[in-house]
Amino acid sequence: MVKPPVSKGQQVKLTITDLTHEGEGVGRYQGFTLFVPGALPGEEVRAVVTEVKTNFGRAALERVDRYTSARVTPVCRRYDQCGGCQLQHFHYRDQLAWKRAFVQNTLKRIGGIEMEVKPVLGMDRPWNYRNKVQFHVDTWRGKRQLGFYVPGTHRLVPVEDCYLLPEQFRDLIAYFNAILENYSLIKQVWLRRSFAYGDLMVVITTRGPKLDKLPEQIIGHFAAVKSVAVVGPQNQVIAVSGEQHIKEKIGNLDFLISPLSFFQVNPVQTEVLYSKVREYAALEGEEVLWDLYCGTGTIGLFLADRCQELIGIEVVASAVADAEKNARLNRIPNAVFYRGKTEDLLPKLWKDTRENVVILDPPRRGCHKRLLESILCFLPERIVYVSCNPATLARDLKILAGAYRICEVQPVDMFPHTGHIECLVSLKRKHSE
């Protein structure tokens, strides 16, 4: 085994050539890869090695000897501590260019797919876009506070404000920071906001049920807070004060958001994403639309007026229940949702007699192999793949590429100032063309 050419505590000079998907600068010292948080491509830096593994290491940025013109001053004074976003020091224009290149390179490296990726659909104003945040409660300088944990630790970084969150959250953060000393059972506080209606939901996780009259006090103190839920040690909702849900709007549809339900955290870009899905699906009214890994049904319901029948499959029972509620709320009669593993249910439910279009929106780990095998057996006319992980997307597209033509890859920036990127892929069956 070749010994790494660096040791912990050693200072090194590096030229940064790329970023990782987590936003760390990538440099090489005598051919050995070092990841440097805070460094940007094109920069020459000095860094101190903090960790050495067999094939790579990490180093702390000490100083920049040559800056890139893409470097900007972060707006957040806690930016270098909390880890909630990784790219505030990178001009937003350059973030989008890097994300496009990252997707293109990942498809080629993992999937063997060489094609031009479309420019990333970014935001005109990439701030204050999150409709949900989850704060930890811990001690900072002798006082219980809301905050985020430093990545890889349980060391709290207190939060008075965050530039990714709605300004409406500020007063709630200050309110909790003022009262937390009196509530030792509170573990976390989640805040949710409807961008369309301005309503707020507060979710409090506790080590026990006793919160006295705090939920009612919060509703009385903040007119915009319509719901306060208390979640117990088993991650179950044990009490709700006020309304059971708040509503968000995507396009012309309303969607119910319950305390524990999943919902896209960037509603502005969600509509951009779903509109592109609708374009790629190219529905004409007679198709069966399959929304696989459908969650609370939002994508399928957004397209339901353009298909004959919508069939959603999701393994999480509460998500299926929310999908059914959303269908009723919007008076969508042609939608049906099934609970179960997508790879198990699709072969049982498939309808060969009609034209079929499939939406794939899997978790970060990508599609189950058996599901891809079923798709290659049934061969729907069109597939729209929605991915939050370019690596597993590339792996799955490599499997599908024998039977499908990859028509277009469109990244959408759902999480500005982070290393995350969402991708849409349009696939058409080869022999149908």
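The values are calculated or read from the model by the stated rules, or taken from the named source; none is laboratory data. The structure presented is a predicted model; accordingly, all values stated were derived computationally and were not measured. Methodologically, a virtual Cβ is constructed for each residue, glycine included, from the backbone with ideal geometry; neighbour enumeration extends over all protein chains shown. Protein only, heavy atoms only, side chains kept; ligands, DNA and RNA dropped before computing areas. Shrake-Rupley method; radii C 1.70, N 1.55, O 1.52, S 1.80 Å.
Since only Val320, Ala281, Leu292 are under comparison, the one whose Cα sits farthest along the positive direction of the charge dipole of the stretch 279-368, derived from C-beta charges on Lys, Arg, Asp and Glu, is Val320. Computed extension length for Glu62-Gln30: 9.6 nm, one decimal, from 0.36 nm per residue of separation with the Cα-Cα distance subtracted.
The stretch 248-290 and the stretch 369-409 have Cα centres lying 20 Å from one another. Looking at the chain, the accessible area is 46 square angstrom per residue; that uses a 1.4 Å probe and ignores ligands, DNA and RNA.
As a test of reading the structure, rank Met115, Met123, Met201 by solvent-accessible area (1.4 Å probe, protein chains only), most first.
Met115, Met123, Met201
With every protein chain in place and a 1.4 angstrom probe, the accessible-area ranking of Lys351, Lys341, Lys3, largest first, reads Lys3, Lys341, Lys351.
Heavy-atom accessible area, probed at 1.4 angstrom with all protein chains present, ranks Asp18, Asp305 as Asp305, Asp18, highest first. Largest mean-square fluctuation among Gln95, Gln410, Gln217, in a Gaussian network model of the chain whose springs join Cα atoms under 10 Å apart, belongs to Gln217.
Let's test the formula: R0 of 30 Å, r as the Cβ-Cβ distance of Ala174 and Ser69. What FRET efficiency results, to the nearest 0.05?
0.20
Relative intensity of the stretch 373-433 on a log10 scale, I(q)/I(0) at q = 0.11, 0.12, 0.14, 0.19 Å⁻¹, equals -0.27, -0.31, -0.41, -0.69, per a Debye sum over C-alpha point scatterers of equal strength in the absence of solvent. With all projection directions averaged, the alpha carbon convex hull of the stretch 60-187 covers 11.2 nm². Size descriptors for the stretch 94-141, from the alpha-carbon set: Rg then Dmax equal 17.4, 53 Å. Take Leu256: with every protein chain present and a 1.4 Å probe, its accessible area is about 40 Å².
Evaluated over the Cα positions of the stretch 236-325, the convex hull gives a direction-averaged projected area, one quarter of its surface, of 6.2 nm².
Considering only Gly297, Gly84, Gly312, the mean-square fluctuation computed in a Gaussian network model of the chain, springs between alpha carbons under 10 angstrom, is largest for Gly84.
Mind putting a number on the dipole of the chain about its Cα centre? Charges go on the C-beta only, +1 for Lys and Arg and -1 for Asp and Glu, and I need it in Debye to the nearest 20.
On the way: 57 positive and 48 negative charges, 254 e Å.
Computed about the Cα centre, the dipole is about 1220 debye.
To the nearest 0.05, what FRET efficiency results for Ala239 and Phe262 with a Förster distance of 25 Å applied to their C-beta separation? Efficiency at R0 = 25 Å is approximately 0.70. Dipole of the chain (Lys/Arg Cβ +1, Asp/Glu Cβ -1, origin at the Cα centre): which of Val240, Ile113, Gly42 lies farthest to the positive side? Final value for the positive-end residue is Gly42. The stretch 252-405 has equivalent-ellipsoid semi-axes of 22, 18, 16 Å, by the square roots of 5 times the alpha carbon gyration tensor eigenvalues, sorted largest first.
Between Asn105 and Asp212, what's the calculated FRET efficiency when r is the beta-carbon distance and R0 is 56 Å? Round to 0.05. Let's see the in-between values first.
Working: r = 55 Å, r/R0 = 0.98.
Rounded to the nearest 0.05, the efficiency is 0.55.
Straight-line cross-link partners of Lys398 among the lysines, defined as a Cα under 26 Å from its Cα and at least 8 positions apart when in the same chain: Lys99, Lys108, Lys118, Lys276, Lys341, Lys348, Lys351, Lys369, Lys428, Lys430. Report the residue, chosen from Asn326, Asn182, Asn266, that carries the largest GNM mean-square fluctuation when the chain is represented by alpha-carbon nodes joined by springs under 10 Å. Looking only at Asn326, Asn182, Asn266, the biggest GNM fluctuation is shown by Asn182. To make sure I understand the rule: partners must be lysines, Cα under 21 Å from the Cα of Lys3, and not fewer than 8 residues away in the same chain. Which ones qualify? Qualifying lysines at Cα under 21 Å: Lys13, Lys53.
Go ahead and estimate [θ] at 222 nm for the chain from helices alone: -39,500 (n - 2.57) per DSSP H run with n ≥ 4, summed, over the residue count, rounded to 500. It would help to have the intermediate numbers written out before the result.
Numbers: 10 runs with 106 residues, N = 433.
Result for the chain, helices only: -7500 deg cm²/dmol.
Leaving out ligands, DNA and RNA, and with a 1.4 Å probe, what % of the accessible surface on the chain is carbon or sulfur? Present the calculation step by step, with values, prior to reporting the outcome.
Numbers: 9690 of 19900 Å².
Within the chain, the accessible surface is 49 percent carbon and sulfur.
Size estimate for the stretch 276-327 follows the Kirkwood approach: the inverse of mean 1/r over distinct Cα pairs works out to 11.0 Å.
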